[in-house]
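> Once you've had a glance at the structure underneath, I'll fire off some questions.
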Amino acid sequence: METGKVLVDTSILVEYFRKQKKETAILVEIARKHSVVISVITEFEWLVGFKDRELEFGKSLLKNIDVLPFDSKCALKARDIYSGLKSQNKLIEIPDIFIAATSLAYNLPLATINKNHFKRIAGVELV
C-alpha cells in the first residue's frame with residue numbers, strides 16, 4: 001500500500017546494489033509502503049558509479065523510479081541551505097545539498113543512510 005512518495009538518496013541505491021539478499025534492502029522496504037522517487041542528482045551519482053559493463057544494471061533499476069528535475073525552486077532552496085550551513089561552518093557536499101533542496105522543494109521526506117549530513121538541514125524530514 002502506497003502512503004505517499006519518498007525521495008531516496010544515492011546511499012539507499014548503493015546499499016541495494018551491494019546487498020546479497022535484495023529483498024532485505026532498505027530500498028525494497030521503502031518501496032513496499034511508498035512510491036520511490038529520486039533527484040536527477042541522485043540519478044547522476046548512481047550512474048557515474050558504474051563501469052560500462054555494469055551500466056545496464058544501473059539503468060534497469062531506474063526504469064521503475066521517477067526522477068525529479070533540479071529546477072529553479074530547487075536552486076533557490078540549495079542556495080539557502082548552502083548559506084545556512086556555511087555560516088555555521090557545517091558545510092556538506094554540494095550534491096547532498098542539491099538532494100536536500102529537492103526534498104524541500106517538492107515537500108518530500110528523504111530516505112538516506114547518511115543521516116549525519118542531512119540532519120544539519122532544517123526542514124528536511126528524514127525517513
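Bear in mind these aren't lab numbers, they're just calculated from the coordinates by the rules spelled out. Model, not experiment: these values are computed from the prediction. When we count neighbours, we look across all protein chains shown, and the Cβ atoms used for this are built from the backbone with ideal geometry, even at glycine.
> From the phi angles alone, apply the Karplus equation (6.51, -1.76, 1.60; θ = phi - 60°) to the range 61-67 and give each ³J(HN,Hα) in whole Hz, x where the residue is Gly or Pro.
Residue by residue, the range 61-67 yields 4, 6, 4, 9, 10, 6, 10 Hz.
> Could you list the trypsin sites (Lys or Arg not before Pro) in the range 1-82 that lie in coil according to DSSP, counting only those with at most 12 other Cβ atoms within 10 Å of their Cβ?
When the trypsin sites (Lys or Arg not before Pro) of the range 1-82 are filtered for loop state and at most 12 Cβ neighbours within 10 Å, K21, K51, K63 remain.
> Further question on the same structure: Let me check I've understood the local charge: for F50, count other residues with C-beta under 15 angstrom from its C-beta, Lys and Arg +1, Asp and Glu -1. What total comes out?
0
> While we're on this one: When the chain is fully extended, how far beyond the present Cα-Cα distance does L47 get from N114, taking 0.36 nm per residue of separation?
22.2 nm
> Efficiency by 1/(1 + (r/R0)^6): what FRET value for Q20 and S83, r their Cβ-Cβ distance, R0 = 41 Å, to the nearest 0.05?
0.45
> A further question follows. Which of the three applies to the range 1-67, rounded, prolate or oblate, going by the alpha-carbon gyration tensor with a ≥ b ≥ c and a/c under 1.5 meaning rounded?
Working: a/c = 2.11, a/b = 1.39, b/c = 1.52.
Note, shape of the range 1-67 comes out oblate.
> Show me, for the range 76-81, the HN-Hα J-couplings you get by feeding each phi into the Karplus relation (A = 6.51, B = -1.76, C = 1.60, θ = phi - 60°), rounded to Hz, glycine and proline as x.
With coefficients 6.51, -1.76 and 1.60, one gets 5, 5, 4, 4, 5, 4 Hz.
> Over the chain, what lengths in whole Å, largest first, do the semi-axes of the equivalent ellipsoid take, defined as the square roots of 5 times the eigenvalues of the alpha-carbon gyration tensor? Walk me through the intermediate numbers first.
Numbers: eigenvalues 120, 52, 38 Å².
Over the Cα atoms of the chain, the semi-axes work out to 24, 16, 14 Å.
> Okay, moving on. Only four residue types carry charge here, +1 at the Cβ of Lys and Arg and -1 at the Cβ of Asp and Glu. Report the dipole size of the chain about the Cα centre in Debye, rounded to the nearest 20. Provide the component values of the computation, followed by the final result.
Numbers: 19 positive and 16 negative charges, 56 e Å.
Using Cβ point charges on Lys, Arg, Asp and Glu, the chain gives about 260 debye.
> Give me the net charge of H117's neighbourhood, meaning all other residues with Cβ under 11 Å from the Cβ of H117; Lys, Arg count +1, Asp, Glu -1.
Within the 11 Å Cβ shell, the charges total +1.
> Add -39500 (n - 2.57) for each DSSP H run of 4 or more in the chain, then divide by its residues: what number comes out at 222 nm, to the nearest 500 deg cm²/dmol?
Helices in the chain give a 222 nm mean residue ellipticity of -15000 deg cm²/dmol.
> Once amide H atoms are built 1.01 Å from N in the peptide plane, which residues 5 or more positions from A111, or in another chain, come under 5 Å H to H?
The answer is L7, V8, D9, V127.
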